[in-house]
Amino acid sequence: MYRDLREFIDQVDQLGALRRIHSADPYHEIGGITEVGAGMAECPALLFDDIKGYPKGFRIFTNATVSPQRAALALGLDPTLRPIDALRAWMDKRQNMREIAPCVVKDAAFLENTAQGADVNVLKLPAPYWHPKDGGAYIGSGSLVVMGDPDDGWVNASIYRVQVHGRDKVTIQFDHQGRHGAIISRKFWDKGKPCPVAVVNGQDPALFIAGFEYLPAGQSEYQFAGAIKGEPIDIFPGPVTGLPIPAYAESVLEGFLLPVSETTLLEGPFGEFTGYYASEKRPCPVMDVKAVHHRNDPILLGSPPLKPPRFHFGLPFRAASIWSNLIAVGVTDVVGVWQHVAQLMTVVSLKQRYAGHVKRAALIAAANSYMGRLIVVVDDDVDPSNLADVMWAVTTRCEPSESVDIVRNAWSSGLDPRIPPQLREAGVTSHSKMIIDACRPFAWADKFPATTALSQDEARVIEDKWGAYLRGNHTNET
């Protein structure tokens, strides 16, 4: 498996999924190219070099895991698996993973270049303006923020956005005060101390995944990433903070998060995964950067939120959780769960066994679909990961006057752009969800017209035998 981000990029290149871009401008252009590329059918990963205003070799890597193929590669799965099969393989792996403790090593690649004190200059590292109306340059859109709990020593390494404000100042935004990073920083501030922190840029994809996976307090992202890779994550104590830092990180900012009672800076706005802005500038904790470390020719892992259906990870982890929930409560014959439109639409595929089977699955999926307004249930002959297949079922098996239900006052978020301003100001974060039954009516399913299409198993047989020819990898000439 890949050792670091560089080896992952090499593997992506071997798949033919990497595109190299030269001379792009970090002011909106790199973000724009990233968005357009993520929306293309081939959805290539992008490696930017010769970036305007920066030395050659200071690079940015985007769209790293936005395709199912590269998401599978990052998880150590077969990248040739069909998307729904890759998600099923991840569920199996996730259930049987054993966490592996990190390994403290004697040297670190990120210390190839170090600046401290008056020599600190965060502006030396590329930090794009990702979206047209962003409030500033963001070095942290896919970066790990590492903190240690002062009470028990637990180390948290999660993804938080980081905006650049000057040579030695950045802000770290916790989207709500229940985040582990916010809780840890408050513990230091309550003791009258700044919070030691390291911002890790250009970590390997397993660490990126661990950073956005919602692990419970006390659980180590480093151990989780090690479980994904099947080997320990190499770490090295930061020279300034002593925090354990991934040894093969591309660049690192070390310093202290200052108490908000002493100082803040206005942060944002920043484009959200919904494809909208959710807030204006607002006060944010400030990191006093005491050291900047980086490898030779460092690479920033950029993962800006993009307009749906683009999403930072090509396999929907929340769909896997819903799938597991359905199984756990005894809903049988679920053959797949997927989420589209950046997890705002959930699709469940099942083999109907009894009247009410569809509604039971739909209500459970609705209760666990964060921000999602649409829940669709389809028969087992429909691939839930194929939106065209799903819409075929919706337009031919759903009778709107009979097959649609509305669930009101359901789980959403302050990021929801459809919540009216007066309700948002009152703190309302709920909405309604539409359940669409796109299955053959159970009462007369045996009389429903037969489909002309191949079954999913029959399609797999064809793909296994002829897929290489259809993709142009082989010819059938004699």
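Observations on the structure shown:
- Computed label-point distance, nm, for sites ASP297 and ARG3 using a 7 Å Cα→Cβ extension: 1.5
- Each label point was placed 7 Å from the Cα along the Cα-to-Cβ direction; for GLN14 and ALA453 their separation is 3.5 nm.
- Euclidean distance of C-alpha centroids, the stretch 393-429 and the stretch 207-270, integer Å: 35
- Hits among aspartates and glutamates - C-alpha to C-alpha of LYS93 under 20 Å, sequence gap 8 or more where chains match: ASP78, ASP85, ASP204, GLU213, GLU221, GLU231
- At R0 = 35 Å, FRET efficiency that the Cβ-Cβ distance of SER430 and ASN96 yields, to 0.05: 0.45
- Heavy-atom accessible surface of the chain, averaged per residue, reaches 44 Å², computed with a 1.4 Å probe.
- Between 0 and 90°, nearest 10: helix 357-367 axis offset from the chain longest Cα axis: 20
- In the structure shown, the pairs LYS281/LYS433; LYS52/LYS133; LYS307/LYS359 are assessed against 22 Å; a Cα-Cα span above that value is assigned to LYS281/LYS433; LYS307/LYS359.
- Accessible-area ranking of TYR276, TYR2, largest first, probe 1.4 Å: TYR276, TYR2
- For the chain, the relative contact order is 14 percent, taking Cα pairs closer than 8 Å that sit 6 or more residues apart in sequence and dividing their mean separation by the residue count.
- Computed per residue of the chain from DSSP H runs no shorter than four, each worth -39500 (n - 2.57), the mean residue ellipticity at 222 nm is -7500 deg cm²/dmol.
- Sites ALA367 and ALA118, calculated FRET efficiency, Cβ-Cβ separation with R0 51 Å, nearest 0.05: 0.40
- Surface/4 of the Cα convex hull for the stretch 201-281, nm²: 7.6
- Computed from the C-beta positions of GLN177 and ALA443, the FRET efficiency with R₀ = 51 Å rounds to 0.50.
- Expressed to the nearest 5 percent, the antiparallel share of DSSP beta bridges inside the stretch 322-478 is 50 percent.
- For a straight C-alpha distance cut-off of 20 angstrom, the aspartates and glutamates reachable from LYS191 (same-chain residues fewer than eight places away being disregarded) are ASP149, ASP151, ASP152, GLU262, ASP288.
- Rounded to whole Å, the principal axis extents of the Cα atoms in the chain read 78, 68, 42, largest first.
- Added length on full extension, which subtracts the Cα-Cα distance from 0.36 nm per residue, VAL329 to LEU470: 46.7 nm
- For the stretch 337-478, the spread of Cα positions along each principal axis, largest first, Å: 71, 40, 20
- Model label sites at ARG353 and ASP50, defined 7 Å from Cα along the beta-carbon direction, differ in position by 6.1 nm.
- Within the full protein context, the accessible area of LYS465 is estimated at about 140 Å² for a probe radius of 1.4 Å.
- The apolar share of the surface of the chain, taken as the fraction of accessible area on carbon and sulfur atoms (1.4 Å probe, ligands and nucleic acids excluded), comes to 52 percent.
The values are calculated or read from the model by the stated rules, or taken from the named source; none is laboratory data. Please read these numbers as outputs of a predicted model, since none were measured by experiment. Heads up, the Cβs are rebuilt from the backbone with ideal geometry, glycines too, and the neighbour counts pull from every protein chain shown. All accessible areas refer to the heavy atoms of the entire protein, side chains included, with ligands and DNA or RNA removed. Shrake-Rupley method; radii C 1.70, N 1.55, O 1.52, S 1.80 Å.
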